[in-house]
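Data first, discussion second: the structure below is written as structure tokens.
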Amino acid sequence: MNNRLEMIYEGKAKKVFAHNESDKVIIEFKDDATAFNARKKATFKGKGKLNCLISSKIFDLLIKNNIPTHYLEIQNENSIIAQKIKVIPLEVVLRNTAFGSLCKQTTIKPGTVLAKPLIDLYLKNDELNDPLLTRDRIKLLDIIDIKDLDFIIDLTLKINTILKNFFNNIELDLIDFKLEFGYNSRNEIILCDEISPDNCRLWDLNQKNDIIVSLDKDRFRNDLGGLIEAYSEINRRIDNFI
């Protein structure tokens, strides 16, 4: 791979390599799939390529809509070049429809459309199983200034509006998604990580009789099969729309 230097980080689904420009990195998407804090693992040939292609197109969409992101350009089918950032140890989850952990932890029934988007904040810490945080706990842990937290929440709501409309145009319902943010070399907060079926819950709107057809990582989480086919379908719809 051109410009690749040493690997500086390896996560569950991506590897991050140094770039010959110090304020940039190369992010390589892996074929690995994990769920339940990596207690469940598998490898799917072609998954990294699909997540890379989908993320690149969605980052382009967000940038055109004035959302600051780490994305600079696609390098090849499974790698992008991005700004080097200092990751904020928060996972920001926005929910448009109740599903998954929200329904397990409350009395809300799965599939309930929420009156307004719900934002949940989690500590990015695998050893603690990414616990749910409150604003006061974020302040106590000194994770981020409350002013910066408010900026992230406002940005997440803007991203939701853009993505929900975009996915609706390709017959997908954006149920929920997870975002991560960081500071770039100019100390600006920008969106990082990825936007793909790995961190978005996407339901096919073409279905009838209220049957839920997931085109996301729930195919793997819930042993539904057809993960690569689902991701390929999302990539195909995006290509047909843009």
Exercise. Hey, if you put +1 on the Cβ of every Lys and Arg and -1 on every Asp and Glu Cβ in the stretch 1-75, which of PHE17, PHE59, ALA38 ends up farthest toward the positive end of that dipole?
Worked result: ALA38
Seminar exercise, completed: Ranking SER214, LEU174, ILE74 by how far each Cα lies towards the positive end of the charge dipole of the chain (+1 on Lys and Arg Cβ, -1 on Asp and Glu Cβ), the top one is SER214
For this session: Could you check how many percent of all C-alpha pairs in the stretch 196-240 are farther apart than 15 Å?
Result: 40 percent
For this session: Could you give me the radius of gyration and the Dmax of the stretch 70-208, taking only the C-alpha atoms into account and expressing both in angstrom?
Result: 16.0, 49
Exercise. Given H placed 1.01 Å from N in the peptide plane, which residues other than close sequence neighbours of LEU114 have an amide H under 5 Å from its amide H?
Worked result: THR97, ALA98
Seminar exercise, completed: Assertion target for GLU77, GLU194, GLU229, ordered by fewest C-beta neighbours within 10 angstrom first, is GLU229, GLU77, GLU194
Exercise. Separation between the LYS86 and GLN207 pseudo-spin-labels, each 7 Å from Cα along Cα→Cβ, expressed in nm?
Worked result: 4.4 nm
Exercise. Treating the beta-carbon of each Lys and Arg as +1 and of each Asp and Glu as -1, no other charges, what is the dipole magnitude of the chain about its Cα centre, to the nearest 20 debye?
Worked result: 340 debye
Seminar exercise, completed: Among ILE27, ILE159, ILE195, the residue with the largest mean-square fluctuation in a Gaussian network model of the chain built from Cα contacts under 10 Å is ILE159
For this session: Any chance you could tell me what percent of the C-alpha pair distances in the stretch 7-83 go past 21 Å?
Result: 31 percent
Exercise. Do the sum for the chain: with -39,500 (n - 2.57) for every DSSP H run of n ≥ 4, divided by all residues, what is the mean residue ellipticity at 222 nm, to the nearest 500 deg cm²/dmol?
Worked result: -9500 deg cm²/dmol
Exercise. Across every pair of different alpha-carbon atoms, what Kirkwood hydrodynamic radius in Å does the chain reach?
Worked result: 18.6 Å
For this session: Would you mind getting me the FRET efficiency between ILE63 and LYS109? Use the beta-carbon distance for r and R0 = 35 Å, nearest 0.05.
Result: 0.40
Exercise. Build a GNM of the chain with springs between Cα atoms under 10 Å: which of GLY226, GLY48, GLY11 gets the top mean-square fluctuation?
Worked result: GLY11
For this session: Can you pull the one-decimal nm distance between simple spin-label points at ALA42 and ASN222, each 7 Å off the Cα toward Cβ?
Result: 1.4 nm
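We did not get these values from a lab; they are worked out from the coordinates using the rules stated. Note that this is a predicted model, so its numbers are computed, not measured. Methodologically, a virtual Cβ is constructed for each residue, glycine included, from the backbone with ideal geometry; neighbour enumeration extends over all protein chains shown.
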